[in-house]
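The block underneath contains the structure these notes are about, expressed in structure tokens.
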Amino acid sequence: SDAASSTTSPETVPTVPGATQKPVSWRMWAFFFITGLQALMWLIWRVMAYVRQVMSLAITVKVEIPLRRRFYAHLQQLSLNFLRTRPVGEHMYRTGEVGSLLPLIRDDAIYLVDIVYRMIWGAALVSLIDWKVTVLVLLYIIPHTIMAHYAYNYLQRVNAESRIWGQRATTVLRDSVAGVKTVKGFGRTDYQLLKYTRRLVDARRVGIKQNFLSILTHHFVLWIYLVLVGKVKWIYIGYETMVGNLTIGEFSVMFWLIWQLEGPMREIVQHIQNIRMHLVPAMRVLETLDVQPEIRDPERARRMPPVVGKVEFRDVTLEYVPGTPVLQDVSLTVEPGTFAALVGPSGAGKSSLLYLLLRLFDLSSGDVLVDGFSVRSVRLRTL
């Protein structure tokens, strides 16, 4: 009985100090490392989320107003020839589109960094269990990216078309309000209302087309592809579990881990396409900013000295359209303190002569002088 009582089952053997312990699995160390790293990254992410909100407000204040101001200043520098050939409503609409650039500057780039971090993190977690699943996800995301690229090529063109029609509606509205006395005086109120309504309907028609294509792209073309092709990975995981290569626990965890990888991948594809859509108003704004002013100060322009008032036109020729002169070989002198009258029928060039004096247009030939100084040799602001 003493021998029997001294015999203890293996489950109740006490741990003897100094005895050899079973080494901890490398996966356990990996678990603690990943958990700690995840906690650290979560803390960084929360700090960056706060910083992003502060930066978003700062960018709105520091970027939007200077952008709008620069666009307006650039419009002021463009020649009358450019401004006359385009409706005023177009410039108003494009000035409003400057605000559409803010998401591109404020949100897109910062959010893209967050998505890339989560995608790398998800790929690392999935690869720890089975790297083949990571490869499978990558293989079906690549065609998804290509399909999204071509679908958004068409959506981008429709978006640009929608903005053009919206711009035309704004043009009609602006002209009707600015010329309200003429509209009312000639009894054209109903006509202008019909014209504006037609522009709104045309703009809305293109907008509906854009919304329909967007729904078709997201909820039919890309979604069906993800459902059909995405089933391959679930079949693979199920097979690996059934043959014993994956445990039931690993099978369950894989559902969550794959979403940690697949979700950011879908988001980055969608986010890149959103950036492309935000580039549409950016390109329209740049179209105007890329137009170079036709009338500039010469390299060594001098300030206009205090004006006495002698104005002289020497053999002045002006052509709005090359080969079709509006003024040809016009010469005249107006002395200080005297009056001069320009008489002629409409379109004879009376206003054009004054435009040349203010250098709102440049001469085709000849010269205009004020107190002996050519208007093309002095700074525009002092002139």
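The values are calculated or read from the model by the stated rules, or taken from the named source; none is laboratory data. Worth saying up front: this structure is predicted, and the values here are computed from it rather than measured. Please note: Cβ atoms are built from the backbone with ideal geometry, for glycine as well, and neighbour counts cover all protein chains shown. These area figures cover heavy atoms from the full protein model, side chains too; ligands, DNA and RNA do not enter into them. Shrake-Rupley method; radii C 1.70, N 1.55, O 1.52, S 1.80 Å.
Evaluating P143 against the criteria (1) surrounded by fewer than 15 Cβ atoms within 10 Å (Cβ to Cβ); (2) of a type outside the set (A, V, I, L, M); (3) over 30 Å from G238 (Cβ atoms) leaves one unmet condition, (3). Evaluating R174 against the criteria (1) among the basic types (K, R); (2) surrounded by fewer than 18 Cβ atoms within 10 Å (Cβ to Cβ); (3) under 19 Å from the mean Cα position of the chain (by Cα) leaves one unmet condition, (3). Does at least one position in region 340-351 carry a residue that is in contact with a Phe, Trp or Tyr (Cβ under 9 Å, 6 or more places away or on another chain) and surrounded by 13 or more Cβ atoms within 10 Å (Cβ to Cβ)? No, because not a single residue in region 340-351 is in contact with a Phe, Trp or Tyr (Cβ under 9 Å, 6 or more places away or on another chain) and surrounded by 13 or more Cβ atoms within 10 Å (Cβ to Cβ).
Would region 341-352 turn up any residue that is in contact with an Asp or Glu (Cβ under 8 Å, 6 or more places away or on another chain) and either of a type outside the set (A, V, I, L, M) or touching a residue at least 40 places away in the same chain (Cβ under 8 Å) (or both)? Checked against the condition, which is being in contact with an Asp or Glu (Cβ under 8 Å, 6 or more places away or on another chain) and either of a type outside the set (A, V, I, L, M) or touching a residue at least 40 places away in the same chain (Cβ under 8 Å) (or both), region 341-352 yields no hits at all. You will find that of M242, M304, the residue that is buried (at least 16 other Cβ atoms within 10 Å of the Cβ), out of contact with any helix residue (DSSP H, G or I) (no Cβ under 9 Å at 6 or more places or on another chain), among the hydrophobic types (A, V, I, L, M, F, W, C) and modelled with pLDDT of 75 or more is M304 and no other. Restricting attention to region 48-79, the residues that are assigned to a helix (DSSP H, G or I) and under 19 Å from E287 (Cβ atoms) total 11. For a quick check of your reading: which helices (runs of 4 or more DSSP H) sit entirely within region 109-216 and have at least 2 residues that are among the polar types (S, T, N, Q)? Correct list: 131-178, 189-216. In the set G249, G263, G337, G309, only one residue is over 30 Å from M147 (Cβ atoms) and at pLDDT below 80; that residue is G249. Scanning region 294-327 for residues that are within 47 Å of the chain's Cα centre (by Cα), of a type outside the set (S, T, Y) and in a strand (DSSP E or B) yields R302, V316, L318, E319, V321, P325, V326, L327. Each residue in region 54-79 was checked for being in contact with a helix residue (DSSP H, G or I) (Cβ under 7 Å, 6 or more places away or on another chain) and either of a type in the set (K, R) or farther than 23 Å from H278 by Cβ (or both), and 1 pass.
Being under 23 Å from the mean Cα position of the chain (by Cα) and open to solvent by 80 Å² or more (accessible area, probe 1.4 Å) is the filter here, so list the residues in region 190-204 that pass it. R204, the sole residue that qualifies. Within region 157-169, the set of residues being of a type outside the set (F, W, Y) and either open to solvent by 40 Å² or more (accessible area, probe 1.4 Å) or within 19 Å of G263 (Cβ to Cβ) (or both) comprises R157, E161, R163, I164, R168. Only a single criterion out of (1) open to solvent by 40 Å² or more (accessible area, probe 1.4 Å); (2) under 13 Å from D371 (Cβ atoms); (3) in contact with a Gly (Cβ under 9 Å, 6 or more places away or on another chain) is not satisfied by D315, namely (2).
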